[in-house]
Amino acid sequence: MMPVTQAVVLAGGLGTRLGDHTKTLPKPMMDVAGRPFLDYLIRNLRRHGIGEIVLSVGHLHETIRDCFGDGNEYGVHIHYAVEHEPLGTGGALRNCLPLLAERFFVLNGDTMFDVNFAALDATSITAVMALRPVADTARYGRVTLHDKWITHFVEKGAEGPGVINGGVLCLNRQDIASLPEAKSSLERDLLPHLAQQRELAGFVSDTFFIDIGLPESLLEAQSSIPQWEQRD
């Protein structure tokens with residue numbers, strides 16, 4: 001099986017939890033230590049050998065295109081799939097279908113998870129979710145495992161330690177093609193089905209992770225992301 005060299009970044013959300021911050025900028029364009037958050041994501045993908053990037057965009061998408069263009073300055077090729085109305089995470093990926101390779105990574109545009117992409121891909125299983133251990137899963141929802149297989153998704157609010165969906169997946173084009181050409185959710189309409197069929201594996205990693213979806217985590221990112229980027 002050829003290594004996966006394509007990633008889709010879901011960058012079309014409204015980012016309402018950030019309040020006024022996202023009225024003039026898409027959430028992935030939030031300033032982190034003087035650069036857009038999406039800048040860090042793209043550079044990290046390139047570092048992991050992923051050279052083809054599809055940006056799934058919607059809200060204020062021109063701002064993203066004007067900033068990143070075709071990706072030449074980053075040493076990658078960037079394509080754009082525009083949502084003209086909110087389609088949810090599943091619908092956004094279904095909207096990318098003409099641009100998708102047979103296998104590809106999917107990233108949330110508001111999450112940095114420095115997972116080992118090559119290890120995530122090094123399996124004959126075509127659907128794999130990167131999982132992050134956290135001290136309290138209440139904010140994110142919890143994922144349960146049996147051996148390597150994901151068995152259940154627990155809604156937000158479940159307190160205590162566990163593993164969460166880290167916002168990085170390896171999926172295949174065929175599963176995305178099965179979604180309707182309308183609004184849908186990966187978290188409700190595809191991933192539970194794959195788990196039920198024992199076709200979704202979990203890959204646990206405790207590497208650097210931050211989600212900028214809340215004002216306090218966006219503030220934390222101002223110092224933690226530059227520190228992570230300067231790692232040896």
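Summary of values
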read-out	value
DSSP bridge pairs, the stretch 28-107: antiparallel proportion in percent, nearest 5	25
Accessible surface of the stretch 32-79, 1.4 Å probe, proportion on carbon and sulfur as whole %	44
Estimated dipole of the chain in Debye, rounded to 20 [Cβ of Lys and Arg +1, of Asp and Glu -1, Cα centre]	280
Within a Gaussian network of the chain (alpha carbon springs, distance under 10 Å), most fluctuating of Ser185, Ser56, Ser217	Ser217
Length-normalised contact order for the stretch 121-232 - Cα pairs under 8 Å, 6+ apart - percent	32
DSSP loop trypsin sites (Lys or Arg not before Pro) with at most 14 other Cβ within 10 Å excluded, longest remaining stretch of the chain	1-138
Average Cα contact separation per residue, the chain, under 8 Å, 6 or more apart, as relative contact order %	23
Cα gyration tensor shape for the chain, rounded if a/c is under 1.5, else prolate or oblate	rounded
Contour excess over end-to-end distance, with Cα ends at Thr144 and Met2 and 0.36 nm allotted per residue	48.2 nm
Estimated [θ] at 222 nm from DSSP helical runs (n ≥ 4, -39500 (n - 2.57)) normalised by residues in the chain, nearest 500	-7000 deg cm²/dmol
Inter-label distance, nm, simple model (7 Å from Cα along the C-beta direction), Glu229/Glu216	2.5
Stretch gain in nm, segment Gln196-Asp31, where the contour uses 0.36 nm per residue and the Cα spacing is subtracted	55.5 nm
Calculated from backbone phi, Karplus (6.51, -1.76, 1.60) coupling profile of the stretch 147-156 in Hz, x at Gly/Pro	6, 8, 8, 6, 10, 8, 10, 9, 4, 4
Accessible-area composition of the stretch 147-232, carbon plus sulfur, in percent [1.4 Å probe]	47
Separation between Cα centres of the stretch 32-64 and the stretch 119-180, rounded to whole Å	22
Gain upon complete extension [Lys156, Arg43; 0.36 nm per residue less C-alpha separation]	37.6 nm
Environment charge at Ser224 (Cβ cut-off 13 Å; Lys +1, Arg +1, Asp -1, Glu -1)	-4
Proximal aspartates and glutamates to Lys148, defined as alpha-carbon separation beneath 12 angstrom and excluding residues fewer than eight positions away on the same chain	Glu199
Surface accessible to a 1.4 Å probe, per residue, for the residues of the stretch 35-127, Å²	40
The chain: antiparallel DSSP beta bridges as a percent of all, rounded to 5	55
Farthest toward positive dipole pole in the chain [+1 Lys/Arg, -1 Asp/Glu at C-beta], among Gln197, Val106, Ile164	Gln197
Solvent exposure ordering (accessible area, 1.4 Å, most first) of Trp228, Trp149	Trp149, Trp228
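The values are calculated or read from the model by the stated rules, or taken from the named source; none is laboratory data. Source: prediction; values computed, not measured. Cβ atoms come from the backbone with ideal geometry, glycine included; neighbour counts cover every protein chain shown. Side chains included, ligands, DNA and RNA excluded: accessible areas come from the protein's heavy atoms. Shrake-Rupley method; radii C 1.70, N 1.55, O 1.52, S 1.80 Å.
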